[in-house]
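These notes concern the structure reproduced below.
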Amino acid sequence: MEQDIRKHEVSGDHPFSLYQLMWSKSFDFENKSNKTEFIWAMFVHFVIFAILITFSHIEMTIGITEYGIIGSSIFVVYFIFSYVPTISLMRRRLRDAGRSGANLWLLLIPFAGWIALTVLLFSNSSNID
């Protein structure tokens, strides 16, 4: 099982496959995710966010709708559906780094908490189980 968890660390998987892995492990809060898996999955996630925001802005700019309601609606739906997979990925990443999932509460502290959580998420993997 540990071998299965660690296989993405050295396999050089495509970023989109790591993003798909994030979705397939949506309700897995107990295992671990290595730094590579976390970075690439979040990178693809943020690119999709950027594309949806850009689409909404273009929609307003060229006048398809007055308030960019189509792009904004798609963005909100994506945000709602991606919330649990993102939290579970961060939980698994914290576990891999030897930290407690309780550190996710740092998300509720604007700026300082977000920076502290980012540092924890990008810390090296721990060998402690």
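Here is the figure for segment 40-68: residues that are among the aliphatic types (A, V, I, L, M) and surrounded by 15 or more Cβ atoms within 10 Å (Cβ to Cβ) total 5.
Give segment 21-43 a look and list any residue that's of a type in the set (S, T, N, Q) and touching a helix residue (DSSP H, G or I) at 6+ places or on another chain (Cβ under 8 Å), or say none. Correct list: Ser26, Asn31, Ser33, Asn34, Thr36. Scan segment 75-88 for residues that are surrounded by 15 or more Cβ atoms within 10 Å (Cβ to Cβ), within 15 Å of Ile48 (Cα to Cα) and of a type in the set (A, V, I, L, M, F, W, C) and report the count. Counting residues in segment 75-88 that are surrounded by 15 or more Cβ atoms within 10 Å (Cβ to Cβ), within 15 Å of Ile48 (Cα to Cα) and of a type in the set (A, V, I, L, M, F, W, C) gives 1. Going by the conditions given, is Arg99 basic (Lys, Arg), surrounded by 12 or more Cβ atoms within 10 Å (Cβ to Cβ), within 16 Å of the chain's Cα centre (by Cα) and under 14 Å from Lys35 (Cα atoms)? It is false that Arg99 is basic (Lys, Arg), surrounded by 12 or more Cβ atoms within 10 Å (Cβ to Cβ), within 16 Å of the chain's Cα centre (by Cα) and under 14 Å from Lys35 (Cα atoms).
Of the residues making up segment 87-129, those that are aromatic (Phe, Trp, Tyr) and not in a loop (DSSP other than H, G, I, E, B) are Trp105, Trp114. Looking only at segment 49-96, which residues are farther than 17 Å from Ile39 by Cβ and aromatic (Phe, Trp, Tyr)? Correct list: Phe55, Tyr67, Phe75, Tyr78, Phe79, Phe81, Tyr83. Can you confirm whether Phe75 is assigned to a helix (DSSP H, G or I) and either of a type in the set (Ser, Thr, Tyr) or out of contact with any helix residue (DSSP H, G or I) (no Cβ under 8 Å at 6 or more places or on another chain) (or both)? When the stated conditions are applied, Phe75 does not pass them. Of the listed requirements (1) within 16 Å of the chain's Cα centre (by Cα); (2) crowded, with 18+ Cβ neighbours inside 10 Å, Gly71 misses just one: (1).
Each value in this text was obtained by applying a stated rule to the coordinates, not by laboratory testing. None of these values were measured; they are calculated from a predicted model. Here Cβ is always computed from backbone atoms with ideal geometry, including for glycine, and neighbour counts include all displayed protein chains.
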